[in-house]
Amino acid sequence: MHFIHFIITIFLQIATFADSSKSDSINNTQEFQKIVIPSLPDSVSFAGEKVPLDDADIRERLERELINNCYKHSSTLLILKREGKWKAKIQAILKEQGVPEDFFYLAVAESELDEYALSSAKALGFWQFLAGTGKEFGLEVNGFVDQRKDPIASTYAACKYLKTAYQKYGNNWTLAAASYNRGMNGLQKALTSQKVDSYYELYLNRETYRYVLRILSLKIIMENPTQHGFQITDEQRWKPTATKRVWIDSTVTDLPTFAKQLGITYKTLKICNPWLDSDEYNLIVPQGKGYWFEIPNKN
C-alpha cells in the first residue's frame, strides 16, 4: 500500500508540474504576441496638407492601412532596414526639385524601396514606372539599360511627373499623389464627374481609394517605429554605399576588365548600377554616347 501511495504522489506531482509549465508557456506566448490596435496620431498631414481625421470614413480607412502595415512584420521590417540606405538620398532630390519630402513615402508604398520590384503590370523600380511612362519622363529603357531600376534617375523622373500633376490639379499635392496611382486623366475625370476638388471627397476604384491612406500609414509607422511595435536601432539599418561617379563611353567594351581596372569586381559594378539591364559582359555604347556609373569610393 505504501508503494502504491508513493507512485500516486509522484504522478500527481508530475501532472501539477506539467500544468504549471503549460500555463507559464501560455502566459509567455500571450506576452510575446501582444497584439494591439495601433492608435492614430491626433493630427496627420501629407505634404503640408491636413488629413480630415474628423471624417469617419477617412479615419476608418487610415486605421485599416495602419493595421495592415503594422502587422506585415517582415515587409515593414525590411522597409525600415532599407530606409537607412535610401531616405536621405531620395529626400535630398525631392527637396532639390521642389517636391515635398513626404513623397519619399509614396516610393515606399510603391516598391518597399526595392529597386528590382516588378509588378504584375510590368511596372518596375522604386517608383514603379511602366516602360512607356518612364520614357515619357526621361528614362532610358532598352535591352541594355533600364533606368527605372536606377533609384536616382527614377526619382528625378518621378519629380517631373509629380510637378506636372501638381500644376494640373491647382497646386494640390494630395491629388498629385493620387494621380500617381490612377493616372492624371482618370483622376481628373473622377473629379469633374463628382463635382469635387479634394481626394478625400472622391469615391474611387478600390486601389486608388486606399492609395494615399497607405502612404500615410507608412509615414506614421516610419516616423515612430517603436510606438508601433518595431524595435530597430540606427545601427541595424542598412547604410548607404559611398560612391563616386565615373563616365563610361564607347572606349570601354568589357565590363569585368573595366571593373578590375577600378579595383572592384563585376558583381560590385552590377550591384552599384542596377540599371544595367543585360547580363552581357560586353558593353556596346554608341559612338558619342556614354553613361555615368556609380563606383564605390574607397577614399
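Readers should treat all values here as calculations from the given coordinates under stated rules, not as data from a laboratory. It should be emphasised that the depicted structure is a prediction, and the values quoted were computed from it without experimental measurement. All Cβ positions, even for glycine, are placed from backbone atoms using ideal geometry, and neighbour counts span all protein chains on display.
Observations on the model:
- Remark: region 162-299 projects, on average over all directions, an area of 13.6 nm² (convex hull of Cα atoms).
- Calculated from the structure at hand, mean projected area of the Cα convex hull in nm² is found among [x] 25.0; [y] 18.0; [z] 20.3 as [x].
- Shape category assigned to region 243-296 from the gyration tensor of Cα positions, a/c cut at 1.5: rounded
- Over all other residues within a Cβ to Cβ distance under 11 Å of LEU139, the charged ones net out to 0, with Lys and Arg as +1 and Asp and Glu as -1.
- With each label modelled as a point 7 angstrom along the Cα→C-beta vector, the LYS81-CYS272 pair spans 2.3 nm.
- With loop membership from DSSP and a limit of 16 other Cβ atoms within 10 Å, the longest segment of the chain without trypsin sites (Lys or Arg not before Pro) is 123-194.
- Fully extended contour minus Cα-Cα distance, from LYS122 to LYS244, at 0.36 nm per residue: 40.8 nm
- Amide H contacts of SER45 (H built 1.01 Å from N, in plane; Pro and chain starts excluded): VAL51 sit under 5 Å, all sequence-distant by 5 or more or on other chains.
- Take the Cβ atoms of ASP55 and GLN227, set R0 to 22 Å, and the FRET efficiency comes out at 0.40.
- Angle between the chain longest axis and helix 173-182 axis [Cα atoms, degrees, rounded to 10]: 90 degrees
- Entries in LYS34/LYS89; LYS50/LYS195; LYS87/LYS270; LYS81/LYS195; LYS50/LYS270; LYS89/LYS168 that, when Cα-Cα distance is taken, lie over 31 Å: LYS34/LYS89; LYS81/LYS195; LYS50/LYS270
- Rg ratio for region 66-163: its Cα radius of gyration over 2.2 N^0.38 Å, N being its residue count, equals 1.06.
- Approximate spin-label separation PHE144-GLN236, in nm, with each point projected 7 Å along Cα-to-Cβ: 4.4 nm
- Using only side-chain charges placed at the Cβ, +1 for Lys and Arg and -1 for Asp and Glu, the dipole size of the chain relative to its Cα centre rounds to 580 debye.
- Candidates TYR116, CYS70, LEU262 compared by Cα position along the dipole of the chain: farthest toward the positive end lies LEU262, with charges placed on Cβ.
- Per-residue [θ]222 nm for the chain (sum of -39500 (n - 2.57) over DSSP H runs n ≥ 4, rounded to 500): -16500 deg cm²/dmol
- Estimated FRET transfer efficiency (LYS89, THR192; beta-carbon r; R0 51 Å; 0.05): 0.85
- Nearest-0.05 FRET efficiency for GLN167 and ASN282, computed from C-beta distance (R0 45 Å): 0.55
- Set of aspartates and glutamates with alpha-carbon distance to LYS260 below 19 Å, sequence-local pairs under 8 removed: ASP249, ASP279, GLU280, GLU294
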